[in-house]
Amino acid sequence: MAVRERIASAAVRCGKDPSVVQLMAVTKTHPRSIVQTAMEAGIRLFGENRVQEAEEKYVGLQGDFDLHLVGHLQRNKARAAMRLFHCVQSIDRLETAQALNTKCAENGKVMDILLEVNTSGEQTKSGFRSREGLFSSLEPILDLPCLRLRGLMTVGPFSNEPEVVRSAFSRLASHFHEMVSHYALPAFDILSMGMSGDFETAVEEGSTLVRIGTALFGPR
Ligand SMILES: *Cc1c(COP(=O)(O)O)cnc(C)c1O
């Protein structure tokens with residue numbers, strides 16, 4: 001598959017092992033049949049950005065796969081998210097984490113989460129906006145017993161300038177490494193960055209999970 005080859009050469013270019021980069025297929029707006037096609041091609045990790053769309057598409061789907069939420073989670077959707085997803089990548093405030101933790105506790109479940117960071121400064125994007133906000137939420141989130149913090153996520157800037165995109169990814173990677181060195185984080189191993197337009201740059205900057213829609217399935 002062309003995307004896998006491009007991931008591999010980006011990794012090799014900067015001396016990284018390509019097998020550390022997971023490929024997620026983002027299936028938003030596409031039908032359930034495309035999920036089945038992707039599974040036949042060996043993809044085991046899927047992403048959706050809306051709870052309701054994910055419910056309609058994935059409930060009852062057979063197969064060995066993980067599904068992550070990559071779009072904003074409203075607190076009133078926490079129960080549905082707890083049921084549907086293996087991981088919520090888009091935790092952008094403490095209150096959302098608390099709501100999800102409560103639903104997990106009620107159901108005896110432990111869930112993976114990532115914290116989303118707004119590295120672009122664009123108002124339309126979600127995620128923690130400041131370093132202070134991110135780091136001050138970290139300890140209370142780590143104390144939530146039913147959530148397992150696995151790493152960080154960002155959506156890169158809309159920019160034609162490669163250096164602007166690269167510096168956003170490099171900032172996320174540096175938050176990640178700072179957290180690893182200052183906190184006891186037992187399973188902190190996911191740096192989710194890179195989409196169709198910028199995943200090679202993201203891999204060069206240390207991404208371990210790229211979220212790809214268009215480059216796999218064509219335009220939405
Ligand atoms: C849609 C989406 C993607 C995939 O975008 P493409 O540019 O089509 O690869 C990745 N991450 C998030 C959060 C998305 O909403």
**Lone unmet requirement of (1) of a type in the set (Ser, Thr, Tyr); (2) crowded, with 21+ Cβ neighbours inside 10 Å; (3) touching a strand residue (DSSP E or B) at 6+ places or on another chain (Cβ under 9 Å) for Thr119** = (3)
**Message:** Can you list residue pairs whose Cβ atoms sit under 6 Å apart, with the first residue in region 195-220 being in contact (Cβ under 8 Å) with a residue 12 or more places away in the chain and closer than 19 Å to Phe176 by Cα and the second being within 8 Å of the ligand (Cβ to nearest atom) and of a type in the set (Gly, Ala, Ser)? Count only pairs 6 or more apart in sequence or on different chains.
**Reply:** Arg211/Gly47
**Item:** Hits in region 157-181 (condition: under 13 Å from Gly206 (Cβ atoms) and within 16 Å of the ligand (Cβ to nearest atom))
**Value:** Ala168, Phe169, Leu172
**Prompt:** Looking at Leu144, is it surrounded by 22 or more Cβ atoms within 10 Å (Cβ to Cβ), at pLDDT 95 or above and within 25 Å of Leu84 (Cβ to Cβ)?
**Reply:** no
**Asked** Just one of Arg166, Arg171 is touching a Ser or Thr at 6+ places or on another chain (Cβ under 7 Å) and over 19 Å from Gln89 (Cβ atoms); which is it?
**Response** Arg166
**Message:** Scan region 178-197 and tell me whether some residue there is touching a Gly at 6+ places or on another chain (Cβ under 9 Å), among the acidic types (Asp, Glu) and either at pLDDT 95 or above or surrounded by fewer than 20 Cβ atoms within 10 Å (Cβ to Cβ) (or both).
**Reply:** yes
**Request:** May I ask you to list pairs of residues, at least six apart or on different chains, whose Cβ atoms are under 7 Å apart, with the first in region 142-169 being farther than 24 Å from Asn107 by Cβ and the second being of a type in the set (Ser, Thr, Tyr) and more than 16 Å from the ligand (Cβ to nearest atom)?
**Result:** none
**Asked** Of all residues in region 182-216, how many are in a helix (DSSP H, G or I) and within 8 Å of the ligand (Cβ to nearest atom)?
**Response** 4
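A quick yes/no check of all residues on (1) in contact (Cβ under 8 Å) with a residue 60 or more places away in the chain; (2) touching a helix residue (DSSP H, G or I) at 6+ places or on another chain (Cβ under 6 Å); (3) part of a helix (DSSP H, G or I):
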position	(1), (2), (3)
Thr29	yes, no, no
Glu56	no, no, yes
Gly60	no, no, no
Gly63	no, yes, no
Lys77	no, yes, yes
Arg83	no, no, yes
Ser90	yes, no, no
Cys104	no, yes, yes
**Prompt:** Do we have any residue at all in region 54-71 that's of a type in the set (Gly, Ala, Ser), farther than 20 Å from His30 by Cα and over 16 Å from the mean Cα position of the chain (by Cα)?
**Reply:** no
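The values are calculated or read from the model by the stated rules, or taken from the named source; none is laboratory data. Because the structure is a prediction, the values reported are computed rather than measured. Using ideal geometry, Cβ is built from the backbone for each residue, glycine included, and neighbour counts are taken over all protein chains shown.
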